[in-house]
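Heads up, the thing below is written out as structure tokens.
The values are calculated or read from the model by the stated rules, or taken from the named source; none is laboratory data. Worth saying up front: this structure is predicted, and the values here are computed from it rather than measured. Because the Cβ atoms are built from the backbone with ideal geometry, glycine has one as well, and the counts that use them run over all protein chains shown. Protein only, heavy atoms only, side chains kept; ligands, DNA and RNA dropped before computing areas. Shrake-Rupley method; radii C 1.70, N 1.55, O 1.52, S 1.80 Å.
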Amino acid sequence: MVDFARVQKELQECNRDFGVSGIKVIPKNEANLTQLLGTIPGPLGTPYEGGTFNIDINLPDGYPFEPPKMKFATKVWHPNISSQSGAICLDILKDQWSPALTLKTALLSVQALLSAPEPDDPQDAVVAQQYLREYQTYVGTARYWTEAFAKASSLNVEEKVQKLVEMGFPEALVRSALESVGGDENLALEKLCSG
Amino acid sequence: MEEDYYSMSGGSEEEEDCYSSDREDDSIYGLTNEDFDAQSGAPSKAPYSKVITRESLLAAQTEHLRRVMDLLSVREHHARALLIHYRWDVDQLIAAYVERGKSCMFAEAGVTVVEHVDLDPPETSSTVMCNVCMDDVPAKDVTRMDCSHSFCNDCWTEHFIVKIKEGLSRRIKCMAHKCNGICDEDIIKKLVSVRHPDLAEKFDRFLLESYIEDNKMVKWCPSTPHCGNAIRVENDEFCEVECSCGLQFCFSCASEAHSPCSCLMWEMWAKKCSDESETVNWITVHTKPCPKCHKPVEKNGGCNLVGCICGQAFCWLCGGATGRNHTWSTIADHSCGRYKEDSEEKAEIAKRYLYRYMHYHNRYKAHTDSFKQESGLRETIKEKIANLEAKDSKLRDFSWVTNGLYRLFRSRQALSYSYPFAFYMFGDDLFKNEMTTEEREIKQNLFEDQQQQLESNVEKLSKFLEEPFDEYSVEQVMRNRMEVINLSVVTDNLCKKMYECIENDLLDPLQFTTHMIAPYQSKGIQKAVELTTGWDAQISSNNEFHEAADQFNGTGQASTSGTSDDSEQLSRKRPRKGNFATNLIDLNLPA
């Protein structure tokens, strides 16, 4: 059974210093604390700068004694992250997990992975090869993907509000729902439907 | 029993002569036939392999634990953690201790020995924050591990349960991030048994079985259904053993005893024989599927227009359906180019490969089958002996029959496995780049000469054992007896020579790969004996340690780390026997 008391505390603590870290974890659905959505800002000085990356978090029954399952919901071009599925290749999410780590520390590690790719232990072989052979092309593609997928929410937020309002939801509710899920249109819809 | 051979010494001079020459042979090869237990072939010397039953497992493990505990003056759980890290190899552990020092070795194995117990325990009234559940818990409910990290008991328990369920419990690490410390097994047992007594038991069993699972010198007997035993060997893991349940197996790869084949050769051979890949190969090369009924069709001659039994005609070159109008060179309304050279060549190669395999397989099979048939000989022989005994002649000793029969079985076995060996040794699958064609030819000739000599003698031995000697006169029996005794010695020597040739002249010079075979056991596959659980073998450990330390310091070469692949490979080869050079031609010398 997931230790929900700890998860609650983790969420509180993590969101308390959101201003400093820029890292946020929110439940996708208030009734179910095993499905969470994490958000990390792209690290400065990297092709991911300026982007906001959503990460799907799924807590297994044994949490925190088993590692949380994390994958990128936002498409990202990185040697250790699958460009297809968003799967993350990070040791602390596997055998190096320790119960003393938290969702926030794990997300910090993911953020650190964005700044320091390890192409020798790749998740996505295509990206890793590009990283090693044509570094400039890699930087270009990664930046383009950040622009295209990790910034869309801020630009088109009015469009999304409009769309959801047309579906019959009150505007105030739509705005707060969109905000709480980090701007993801589908998640906002899910939230609105579940009440 | 040796005297038994001579017990009918009323025999002729000639016989005596023959004997003395046999004795000489024996001394050369260090071989004595004196202690055959002919029925089972059990050797009387103390065997090097031991059977470890469920009951003696604890004792076997404790033996090692005691040594390390005495040597390093550590507690049992530390000794176990160290031994698991060093895969129960006490010598390697000592080497690491001498080379890298106590603290470094302990740190690598995740062992922290608390030198002095905390004298002022935290006040019982205070509360401590547990970094896992993030709750404030009373200090008395917190456990501090040797690595100095403390968490609350509930969290520790949960952590242990998850790890035991994962089956990774032989080395449960501390919960702190990046802490390499191994948790104290007593604490684990104590905490887990409160909530899950069954898991605590399981944990105990895992610890016990680590002696088998994590130890390269101990392996489970591969019997099905499992007999519950494990076998421990000393020194050499490339050997063949017999468990007390009766199963004989190769200790190295846990499949049937297969020497003089190496484990890799045997694995490949067994696979090849089971999937009949050659047959499939032949069919794909020699036939083409009929475009109508899809049966494989073989072309047995004639022109390129082939007719299937279903009545469909098709072009042999492209496999396409055609009409029946044709000449030798063309098919009406069909053109698909000319006959291709290379496809013919490919077929030729595949055919040669198949015939080669068939050659070796047939002989392997023939000897295996003979072996099975001769097992029935055992009963017939018993009858014959009974008949002879009933005759009330002066013949009283029949050990030569049983010894001969045993020798026949043993040699037959060696002979049958020598064929798959030869198939790979002189084929292209494994050693294509190891030898030039000329080298290979020379070696193959040498080996085959030996193999054929052995083969002809085995057949002769078989013939004499199958003779109806119970109907013979005393003189005839004596003659038969001489032959059997002679042939027994000869085949034993030939087997031994063949193994030596394989080990020293064929496998040892290999550059790129290492193939090890179990050494020839004249007396048969060794039966492992039950482990005795006495403590008399306990040596004064401190002395032993200092001796070991001196030895390692002296040579300075006993390193376990940093050996290059090359030297590792060399060290894996068995030291050559001193006398082999006198018996064998060194094929490495230029001809």
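Numbers below:
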| quantity | calculated |
| --- | --- |
| Single residue of B:Arg410, B:Arg479 found to be outside any loop (DSSP other than H, G, I, E, B) and open to solvent by less than 20 Å² (accessible area, probe 1.4 Å) | B:Arg410 |
| Answer residue from region B:431-476, given it is of a type in the set (A, V, I, L, M) and more than 21 Å from B:Arg378 (Cα to Cα) and is surrounded by the most Cβ atoms within 10 Å (Cβ to Cβ) among those | B:Leu454 |
| Residue in region B:386-393 that is open to solvent by less than 90 Å² (accessible area, probe 1.4 Å) and within 27 Å of B:Gln452 (Cα to Cα) present | no |
| Residue that is least open to solvent (accessible area, probe 1.4 Å) [pool: residues in region B:173-190 that are more than 15 Å from B:Asp146 (Cβ to Cβ) and within 14 Å of chain A (Cβ to nearest Cβ)] | B:His177 |
| Qualifying positions in region A:83-97 - part of a strand (DSSP E or B) and surrounded by fewer than 19 Cβ atoms within 10 Å (Cβ to Cβ) | A:Ala87 |
| Members of region A:98-127 found to be in a loop (DSSP other than H, G, I, E, B), within 12 Å of another protein chain (Cβ to nearest Cβ) and in contact with a Phe, Trp or Tyr (Cβ under 9 Å, 6 or more places away or on another chain), listed by number | A:Pro99, A:Ala100 |
| Residue list for region A:83-97, filter: under 17 Å from A:Ile40 (Cα atoms) and away from chain B (no Cβ under 14 Å) | A:Gly86, A:Ala87, A:Ile88, A:Cys89 |
| Within region B:484-499, tally of residues that are within 22 Å of the chain's Cα centre (by Cα) and among the aliphatic types (A, V, I, L, M) | 1 |
| Region B:139-162, residues that are under 20 Å from A:Arg6 (Cα atoms) and open to solvent by 50 Å² or more (accessible area, probe 1.4 Å) | B:Asp141, B:His149, B:Ser150, B:Asp154, B:Glu158 |
| Any hit, region B:267-279, residues being β-branched (Val, Ile, Thr), open to solvent by 40 Å² or more (accessible area, probe 1.4 Å) and at pLDDT below 90 | yes |
| Residue list for region A:49-69, restricted to those being closer than 17 Å to A:Leu11 by Cβ and buried (at least 21 other Cβ atoms within 10 Å of the Cβ) | A:Asn54, A:Ile55, A:Ile57, A:Leu59, A:Tyr63, A:Pro64, A:Pro68 |
| B:Ser416 within 27 Å of B:Ser274 (Cβ to Cβ) and in contact (Cβ under 8 Å) with a residue 24 or more places away in the chain | yes |
| Number of the exception - B:Arg195 against (1) within 14 Å of chain A (Cβ to nearest Cβ); (2) buried (at least 17 other Cβ atoms within 10 Å of the Cβ) | (2) |
| Any hit, region A:23-38, residues being at pLDDT 90 or above, open to solvent by less than 60 Å² (accessible area, probe 1.4 Å) and over 26 Å from A:Lys191 (Cβ atoms) | no |
| Helices (runs of 4 or more DSSP H) contained entirely in region B:136-241, each with at least 2 residues that are under 26 Å from A:Phe65 (Cα atoms) and in contact (Cβ under 8 Å) with a residue 60 or more places away in the chain | B:185-195, B:197-213 |
| Which numbered condition A:Gly42 fails, given (1) at pLDDT 90 or above; (2) open to solvent by 20 Å² or more (accessible area, probe 1.4 Å) | (2) |
| One residue from B:Cys310, B:Cys245, B:Cys261, B:Cys303 being surrounded by 16 or more Cβ atoms within 10 Å (Cβ to Cβ) and either part of a loop (DSSP other than H, G, I, E, B) or over 44 Å from the mean Cα position of the chain (by Cα) (or both) | B:Cys261 |
| Conditions (1) touching a strand residue (DSSP E or B) at 6+ places or on another chain (Cβ under 9 Å); (2) at pLDDT 90 or above; (3) open to solvent by 60 Å² or more (accessible area, probe 1.4 Å): number failed by A:Phe18 | (2) |
| Filter pass, B:Ser262 being touching a His at 6+ places or on another chain (Cβ under 6 Å) and modelled with pLDDT of 85 or more | yes |
| Residue list for region B:482-508, restricted to those being open to solvent by 30 Å² or more (accessible area, probe 1.4 Å) and either at pLDDT below 90 or closer than 16 Å to B:Leu446 by Cβ (or both) | B:Lys496, B:Lys497, B:Glu503, B:Asp508 |
